[in-house]
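Please read the structure below before turning to the comments.
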Amino acid sequence: MIAKQTALQQLPPDLDRERLPNHVAVIMDGNGRWAKQKGLPRIMGHQRGVDSLKALLRCCKDWGIGALTAYAFSSENWGRPLDEVNFLMSLFERVLRQELKEMMAENVQIRFVGNLEALPKSLQAEIESAMTATRNNKDIKFTVATNYGGRQEIVQACRAIAEKVQRGQLQPDQIDEILFERHLYTADLGDPDLLIRTSGEMRLSNFLLWQAAYSELYVTDTLWPDFDREEFHRAIYSYQQRHRRFGKL
Ligand code: IPE
Ligand code: IPE
Ligand code: MG
């Protein structure tokens, strides 16, 4: 999943290596508008968006960021025209198949989160084999949110906990934030420190609703297919100017 890029190969000198985000999340938005601006069909924007994601993954690895989570398809995106949905599903499948070898070589651990059971069976199989093959890779945790919805994730956690209570495996007073988090898709991943959204939209669109409680938000007008190392550099620079208070003084 890694694209070659020579500019900004090393961590830029104005960034502090000691205060990098551990976990970056990104809402990859604006593919359709990018294509429209160029007079191309929307799917060309999605196709180009893959290159941006590969480049960002490589950049995180180069700069020493240990976790990247990308929003690829929301639980609401099924509402798009069937042609576009079908294109995206086959794009995910094709990219996974093509990039597995390189993810192994680059020591990338890929995981998918979301309601995966509703995805096409052939995509589920590709996801399963990529997750299994890369499970012991250690350089970077790369999580792809596909058919993901933050509310749905919270509801399924509630259901799983309720079932444990019903079976007598858990007492209601044992339910706390730590236990709840263990029932989310992102258990063991930790919350994102920095959440980036491209294309200028200032909303979460149902992404990581629980996990983003104290994430630093960064919105850029740049459309996802144009998001590059320069842009990522700006996002991290902005992040490093912030004072994260977590409600304290
Ligand atoms: C983000 O780009 C990709 C997905 C949601 C799958 P969009 O397809 O939302 O692009 P815009 O927002 O219409 O420009
Ligand atoms: C959010 O983008 C979902 C992904 C990037 C996968 P959308 O384009 O679906 O979000 P809205 O509709 O603008 O809120
Ligand atoms: Mg969009």
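The values are calculated or read from the model by the stated rules, or taken from the named source; none is laboratory data. Remember, predicted model here, so these are calculated numbers, not experimental data. As a convention, Cβ positions derive from the backbone with ideal geometry for all residues, glycine included, and neighbour counts pool all protein chains shown. Areas reflect the complete protein model, heavy atoms only, side chains present, ligands, DNA and RNA absent. Shrake-Rupley method; radii C 1.70, N 1.55, O 1.52, S 1.80 Å.
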The answer for the chain, accessible area per residue at 1.4 Å probe in Å², is 52
Note to self: Kirkwood Rh of region 27-76, Cα pairs, one decimal, Å, is 12.0
Farthest towards the positive end of the dipole of the chain, among Val85, Asn22, Thr134 and with Cβ unit charges of +1 on Lys and Arg and -1 on Asp and Glu, lies the Cα of Val85
Given 47-60, 225-238, 70-83, the highest-first ranking by average Cβ count within 10 Å works out to 47-60, 225-238, 70-83
As straight-line cross-link partners of Lys38, the qualifying lysines (C-alpha separation under 19 Å, not fewer than 8 residues apart within one chain) are none
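At a Förster radius of 30 Å, what calculated FRET efficiency corresponds to the Cβ-Cβ distance of Asp14 and Ile175, to the nearest 0.05? Intermediate values should be presented prior to the final figure.
Working: r = 45 Å, r/R0 = 1.48.
Here the calculated transfer efficiency is 0.10.
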Computed over region 19-240, the distribution of all Cα-Cα distances in 5 Å bins, rounded to whole %, is 1, 6, 14, 18, 20, 18, 12, 5, 3, 1, 0, 0
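Could you sort out which of Lys141/Lys248; Lys138/Lys164; Lys61/Lys121; Lys61/Lys138; Lys54/Lys138 sit more than 21 Å apart by Cα distance in this structure? Mind dumping the intermediate values first?
Numbers: Lys141/Lys248 30 Å; Lys138/Lys164 32 Å; Lys61/Lys121 31 Å; Lys61/Lys138 11 Å; Lys54/Lys138 17 Å.
Violating the 21 Å Cα-Cα cut-off are Lys141/Lys248; Lys138/Lys164; Lys61/Lys121.
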Per GNM of the chain with C-alpha springs under 10 angstrom, the most fluctuating residue out of Gln98, Gln211, Gln171 is Gln171
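How much length, in nm to one decimal, is gained on full extension between Leu249 and Asp221, taken as 0.36 nm per residue of separation minus their Cα-Cα distance?
Full extension from Leu249 to Asp221 adds 6.9 nm.
Tell me the carbon and sulfur percent of the accessible area for the chain, rounded to whole percent, probe radius 1.4 Å.
Values: 6530 of 12860 Å².
The computed percentage sits at 51.
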